[in-house]
Amino acid sequence: MIRIVLADDHDIVRSGLRGIIDETDIEVVGEANSGKSVLALVENHQPDLVILDVRMPDGDGLQALGRIKSDFPNIPVLMLSTYDNPTFIARAAALGANGYVLKSENRDGLLNAIRRAASGDLLWTREEMRRVSSALAAVPSNDAEVPLTKREGEVLQKIALGLTNREIAKALEISYETVKEHVQHILRKVGVSDRTQAAVWAVRKGIV
């Protein structure tokens, strides 16, 4: 049996996944509804695979991915998401996920992804790798300090979480135009050309 820990904040998604894997060679040994609670399950069960939702409360899935790969580098992780978001995909690859599967994937595709990831395979498509390679290649690799202001650091964290400018403005209670200005300052200071590259830089620097 392939033993998995499943983390998703929606009960209906977890129930649906259990239904998909019912009577297969895959067994759910632990379930979590937040990024924070999944870590204890991984430590307790030492599963063959962790399936993580990208967006969850109390520590998102990508933050949990970073912790899991730091503490348990040999346990494969498969990201599950509603969002075909290049920032999420680049962060997942940079943090060591085995793949990124959309929730719209069909049953056979999901089961195949679970089995391959559990065996250690990398599931990245050519297009995903093109996106990620482009982002990684463009990110400065030097350790020079970048003088971000406190607010720019807050905006960068939100960018790395995949939020849009309007979502950042609402979260930080500042204007949309102010967010746009901060984003431009961040890109210039970091030395990158887009938000995905900025998110990868933030991962490398341990900001997220």
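The values are calculated or read from the model by the stated rules, or taken from the named source; none is laboratory data. Small disclaimer: the values here were computed from a predicted structure and weren't measured. No Cβ is skipped: glycine too gets one built from the backbone with ideal geometry, and neighbour counts run over all protein chains shown.
Every residue, every condition in (1) in contact with a Leu (Cβ under 6 Å, 6 or more places away or on another chain); (2) among the aromatic types (Phe, Trp, Tyr); (3) surrounded by fewer than 21 Cβ atoms within 10 Å (Cβ to Cβ); (4) assigned to a loop (DSSP other than H, G, I, E, B), yes or no:
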{"position": "75", "(1), (2), (3), (4)": "no, no, yes, yes"}
{"position": "92", "(1), (2), (3), (4)": "no, no, no, no"}
{"position": "101", "(1), (2), (3), (4)": "yes, no, yes, no"}
{"position": "108", "(1), (2), (3), (4)": "no, no, yes, no"}
Note to self: Looking at the structure I just gave you, is residue 11 outside the structural domain of residue 163 (by TED's automatic domain parsing), acidic (Asp, Glu) and at pLDDT 95 or above?
What the structure shows: no
Matching residues in the stretch 187-208 (in a helix (DSSP H, G or I) and not aromatic (Phe, Trp, Tyr)) number 13
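Pick from 162, 153: which is small (Gly, Ala, Ser) and over 22 Å from residue 84 (Cα atoms)?
Within the list 162, 153, the selection yields 153.
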| request: State yes or no: is residue 52 assigned by TED's automatic domain parsing to the domain that holds residue 117, in a strand (DSSP E or B), of a type in the set (A, V, I, L, M, F, W, C) and closer than 24 Å to residue 164 by Cα? | output: yes
If we ask which residues in the stretch 16-26 are within 23 Å of residue 43 (Cα to Cα) and exposed (fewer than 13 other Cβ atoms within 10 Å of the Cβ), their number turns out to be 1
All-but-one check, residue 178 against (1) farther than 21 Å from residue 84 by Cβ; (2) modelled with pLDDT under 90; (3) of a type in the set (Val, Ile, Thr), failing number (2)
Output for Cβ contacts, cut-off 7 Å, separation at least six or different chains, first residue outside the structural domain of residue 188 (by TED's automatic domain parsing) and closer than 20 Å to residue 188 by Cβ in the stretch 156-175, second part of a helix (DSSP H, G or I) and among the aliphatic types (A, V, I, L, M), reads none
Flagged in the stretch 117-152 as modelled with pLDDT under 70 and of a type in the set (D, E, K, R), in numbering order, are 131, 143
